[in-house]
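The values are calculated or read from the model by the stated rules, or taken from the named source; none is laboratory data. What you are looking at is a predicted structure, and each value in this text was computed from that prediction instead of being measured. Cβ coordinates were reconstructed from backbone atoms using ideal geometry, including for glycine residues, and neighbour counts include every protein chain displayed. Accessible surface is based on the protein model in full, side chains and every heavy atom, while ligands, DNA and RNA are left aside. Shrake-Rupley method; radii C 1.70, N 1.55, O 1.52, S 1.80 Å.
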Amino acid sequence: MFEATFLKDFKATVNMGLQYLSTKNNELTNPYYGDAEGLGRIFKNMSSFFSFTSNQILAWKKSYGAHNLDAFIAHESTFYKMSDNYGQKSKIVRPNNTEWSNAVIMDYMDSDSYGFDMESYFGQVRYDYNDRYFLHGTVRRDGSSRFAKGQKWGTFGSIGAAWAITNEDFMKDIKWLKNLKYKLSWGVLGNQDFITDPTIAGYYPYNDLYSIGNLNDEISFSFKYKGNPNLTWERSATWNTGIEFNIADILEGEVEYYKKTTKDMLFLKQVAPSLGYAQYPVNDGKMVNKGIEFSLTAHIIKTNDVNFDIRLNGGHYINKMTQMPIDDTTGKEKPLEIQGGYGWSKGHSLYDFYMREYAGVDPETGMALYNAYYNVRPMALKT
């Protein structure tokens, strides 16, 4: 880290960070019983992770009587790279040796390297008057290698305000209320992560990907993943309001309410397999998360020798789809979108389990019967 102060009110900071992680895994399947009986197998895997981050920050701070201002502008570059090397040999000689020289048949050997870069420009301005009224604003511009040319950049930001009520003159006679602050904020965040596919395809979701194979000792290609060059940032707009309080240094806490609306959701949408692929990445759909959170701390005993506190925190959350992805064949919103073990449906949570309605037993075969696909409904069970 490098830091320099100049012109009294300015400070320049340069930070750089490196991280490297490596893992090695050896697996030995014995030749005495199981699916490798009479053969034995040795599997090896070596993985590495490397990241580099560099940022440059120019900050300014100034006070004009009761008016306090500070601001900064910054640039940041990040780079991530992951590598995997793996292979397996079989027909081992010694039953307790994990070196490949202990086996004679090479089953397979492969390696992958993948990663992504991100470039960011951002800044913030904060203002407070006499430690009573607080304002802040941030804006940032992010570019990601996970999206195709023309779709890489997104602009995000936030604004917020707070009022320290107990610092007002009309509150000075209320000695038992040590702190009371009201907060309000709104902001837009961007997301580039593909939670449904964090592997190689998740880092290059805009490209069609193919696997290289051997066909009679000639190069062959097989389709692996359908990309979407129109992908861009998922956007979430959140507004939050709440209070902080401290009553006589005995009870203090926070209560906050938030509502978060996410649109252009990033996920793998199901399509007809007759297209040659069963799913592809999209920005589609809209959901709302909202809830209330609280944290309380009661100072039961507070002496020079003993402190005893009781802390309680909790929350109540609601997650709901408000707009379903568009069905490419009809041009209308889908009634149901299966995502892993869950099913999305308008008006329901992303974490509802879905199953067919039970329709009794077939009297001729004794087999269970279920209603048609379109009668699928959400179960009460949620995570």
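Annotations for the structure displayed:
- Selection from Gly347, Ser47, Leu296 lying farthest towards where the dipole of the chain points positive, charges on Cβ: Leu296
- Taking the helices alone, the chain has a mean residue ellipticity at 222 nm of 0 deg cm²/dmol, built from -39,500 (n - 2.57) per DSSP H run of at least 4 residues and averaged over all its residues.
- Each label point was placed 7 Å from the Cα along the Cα-to-Cβ direction; for Arg311 and Asp208 their separation is 5.4 nm.
- Applying the Karplus relation 6.51 cos²θ - 1.76 cosθ + 1.60 with θ = phi - 60° to segment 211-218 yields 3J(HN,Hα) values of 9, 8, x, 10, 10, 6, 6, 10 Hz, where x marks Gly and Pro.
- In this structure the amide hydrogen of Gln279, modeled in the peptide plane, comes within under 5 Å of the amide hydrogens of Val271, none closer than 5 places in sequence on its chain.
- Cut-off 14 Å between beta-carbons: net charge of the residues surrounding Gly213, Lys and Arg +1, Asp and Glu -1: -2
- Calculated Kirkwood radius over Cα pairs in Å (choose from (1) 22.5; (2) 23.7; (3) 27.0), label: (3)
- Dipole of the chain computed with +1 at Lys/Arg Cβ and -1 at Asp/Glu Cβ about the Cα centre; of Pro325, Ala162, Ser113, farthest Cα towards the positive end is Ala162.
- Contour excess over end-to-end distance, with Cα ends at Met16 and Asp117 and 0.36 nm allotted per residue: 34.8 nm
- A simple spin-label model places pseudo-atoms 7 Å from Cα toward Cβ; at Phe6 and Thr303 they are separated by 5.7 nm.
- Structure remark: mean-square fluctuation, Gaussian network model of the chain, C-alpha springs under 10 Å; the largest value among Asp327, Asp193, Asp217 belongs to Asp217.
- Among Ser185, Ser222, Ser77, residue whose mean-square fluctuation peaks in a GNM of the chain (springs only between Cα atoms under 10 Å): Ser222
- Positive minus negative residues near Ser120 (Lys, Arg vs Asp, Glu; Cβ under 11 Å): -2
- Accessible area of Trp239 in the full protein assembly, 1.4 Å probe (Å², nearest 10): 100 Å²
- Partners of Lys320 within straight-line reach, counting lysines whose Cα lies under 26 Å from its Cα and excluding those fewer than 8 residues away in the same chain: Lys183, Lys259, Lys260, Lys263, Lys269, Lys286, Lys290, Lys332, Lys334, Lys346, Lys382.
- Rounded to the nearest 20, the size of the Cβ-charge dipole of segment 1-81 about its Cα centre is 300 debye, with Lys and Arg at +1 and Asp and Glu at -1.
- Accessible surface ranking that places the most exposed of Val288, Val93 first, with a 1.4 angstrom probe: Val93, Val288
- Full-stretch length increase - Asp107, Asn45 - with 0.36 nm per residue and alpha-carbon distance subtracted: 20.9 nm
- Each residue was assigned an accessible area with a 1.4 Å probe, and for Phe267 the value is about 0 Å².
- For segment 66-111 versus segment 227-295, the inter-centroid distance based on Cα atoms is 31 Å.
- Ranked order, Asp284, Asp249, Asp173 - accessible area, probe 1.4 Å, largest first: Asp173, Asp249, Asp284
- Stretchable slack from Ile219 to Tyr133, in nm (0.36 nm times residue separation minus alpha-carbon distance): 24.1 nm
- Accessible area per residue was computed with a 1.4 Å probe on protein heavy atoms; Lys91 scores about 110 Å².
- Over the chain, relative contact order from alpha-carbon pairs under 8 Å, at least 6 apart, %: 8 percent
- GNM remark for the chain: springs join alpha carbons under 10 Å apart, and the peak mean-square fluctuation among Gly285, Gly253, Gly123 falls on Gly253.
- In the chain, taking the dipole from charged Cβ atoms about the Cα centre, the farthest positive-side position among Asn102, Leu268, Ala148 is held by Ala148.
- Candidate aspartates and glutamates for bridging to Lys226, where Cα separation is under 14 Å - those fewer than 8 sequence places away on the same chain excluded: Asp197, Asp208
- Carbon/sulfur fraction of accessible area - the chain, other protein chains in place, 1.4 Å, %: 56 percent
- Dipole magnitude of the chain about its Cα centre (Cβ charges: Lys, Arg +1; Asp, Glu -1), debye to nearest 20: 800 debye
- Proximal lysines to Lys8, defined as alpha-carbon separation beneath 16 angstrom and excluding residues fewer than eight positions away on the same chain: Lys61, Lys62
- Label zone at Asn55 (point 7 Å along Cα-to-Cβ), backbone N below 18 Å, segment 175-192: 188-192
- Cβ crowding within 10 Å averaged over residues, with 82-90, 131-139 ranked highest first: 82-90, 131-139
- Measuring max minus min along each principal axis, the C-alpha atoms of segment 33-100 give extents of 85, 20, 17 Å (largest first).
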